[in-house]
Structures are given as C-alpha cells and as structure tokens.
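Right, one structure below, let's go through it.
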Amino acid sequence: GAGVSQSPSNKVTEKGKDVELRCDPISGHTALYWYRQSLGQGLEFLIYFQGNSAPDKSGLPSDRFSAERTGGSVSTLTIQRTQQEDSAVYLCASSLSRQWATNEKLFFGSGTQLSVL
Amino acid sequence: GQQVMQIPQYQHVQEGEDFTTYCNSSTTLSNIQWYKQRPGGHPVFLIQLVKSGEVKKQKRLTFQFGEAKKNSSLHITATQTTDVGTYFCAGSGNQFYFGTGTSLTVIP
C-alpha cells in the first residue's frame, strides 16, 4: 500500500475484554515495529519483527500482550484482559530493513486509539 | 538498558524566536534520527545523522550530532506556527530507542 495502515483507528472496550489491533505495513518493508504512546508521552517500544527472524519482544509490558506477523506482512497486536492502564495510542511502523548504516527511516501508521473503560 | 533523554520536555516560544531541543544517550549511538509529530498526528521522519560531529540543515532547521555520538540537537531559527508539534530523537541499537520528546508551542 501507499502507507502503513492501522485498524481500527479507535477502539473502546470494557476492562477485562480482549482486543486485536491490526497493522498493514508498506509493501516490501521487512521490518515492523509496535510502539505505545500514552497521552502527552513519548514512544514506548513494544515489539519488533524483522523478516523471518524471531521477534524482539523485550518491550512487551506483560504476558497479556502478544503480537504476530503472518507471512512477513500484516501484524496483529493482541491485548488480553485489558486494563485501564492499557489505554493509549498504539502505533505501528515499518522500514525497508534493519540496516542501521543506511537511511532506514521508520514510516508510521496513524495509530489505534485504545480506550479501556 | 539504553536510554535516550530529551530536554526540555516542553517549550513555549513567541513566533519568530529560536528553539533548541537536546537529545542525550547513555551509550554511543550508531546514528540518530529525528521525527516530528504534529498534534493528533503520527511521527514523521525528518533526518538521519551518521557521522561524528555531523551537521545538517533543512531550511530553518539545523541538526547536529555530537563528536562522541552520544548527543544531538535540533535548532529551529525564527519559529513559525507550522513548527508546532513534538520533536523526537531516535537512536539506533537493537531497535529504535526514541527520546522522551520535546513539545513545542509557538505563540503567534
């Protein structure tokens, strides 16, 4: 696609429910990142996928959070038994590859605003 | 773990004044990138610095990478209302470590 697409753009859920957030990266981008941004705060790294390698899950805040990336393209971030502190904007970004020496900038989606009531 | 801090956290300036945000890393960075996030928007890439002591300019924006590659700065000359937003630096390691961001408000 022309850009990184995320859905839904907004999600309101009740505490204790599970939610799934979807990210469709730019076609051909092998690297995919999930970040969380609370209101007025910075970007908190969650998880990183690169090609067929095992994902870097070091940023996931608890075992309620998981993510997968099917076929090296679309990714789904799942939050189980949501809590009010999970309320935030969840941003997905992709880049061509994980070659830090080159100009591999991140392209961000518009994010999913998650509200847990 | 690696930490990237930015100061100040907030900055209010009168239109036409200059603005600077500073980025400091606890470890040496391979390179550093800068992003801008408009209110209600998502981060958008501005620039990448790779070499020690590198300086790059984009119109009124000047980006510097420190000699030790542990700090960086973004300077905006004669701010305009279109400069409003949050500016993030991001240093490379195992993944992108984003700074805490500086929120810029420009008062017309």
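Exactly one of (1) closer than 21 Å to B:VAL4 by Cα; (2) touching a residue at least 40 places away in the same chain (Cβ under 8 Å); (3) surrounded by 14 or more Cβ atoms within 10 Å (Cβ to Cβ) is unmet by A:GLY72. Its number?
(1)
Taking region A:49-66 only, how many residues are hydroxyl-bearing (Ser, Thr, Tyr) and within 14 Å of chain B (Cβ to nearest Cβ)?
The qualifying residues number 2.
Does at least one position in region B:89-106 carry a residue that is touching a residue at least 12 places away in the same chain (Cβ under 8 Å), away from every other protein chain (no Cβ under 14 Å) and surrounded by fewer than 16 Cβ atoms within 10 Å (Cβ to Cβ)?
The answer is no; no qualifying residue exists.
Name the residue, out of A:ARG64, A:ARG22, A:ARG36, A:ARG81, that is crowded, with 20+ Cβ neighbours inside 10 Å and basic (Lys, Arg).
Only one candidate passes the filter, namely A:ARG36.
Which residue out of A:LEU114, A:LEU46 is away from every other protein chain (no Cβ under 14 Å), closer than 30 Å to B:PRO8 by Cβ and part of a strand (DSSP E or B)?
Only one candidate passes the filter, namely A:LEU114.
If we scan region A:84-104, do we find a residue that is at positive phi and part of a loop (DSSP other than H, G, I, E, B)?
Within region A:84-104 (the criterion being at positive phi and part of a loop (DSSP other than H, G, I, E, B)), the answer is no, since none of the residues qualifies.
I need the full set of residues from region B:4-60 which are assigned to a strand (DSSP E or B), within 14 Å of chain A (Cβ to nearest Cβ) and basic (Lys, Arg), in order please.
B:LYS36, B:LYS56
We did not get these values from a lab; they are worked out from the coordinates using the rules stated. All of these numbers come straight from a predicted model, not from anything done at the bench. Because the Cβ atoms are built from the backbone with ideal geometry, glycine has one as well, and the counts that use them run over all protein chains shown.
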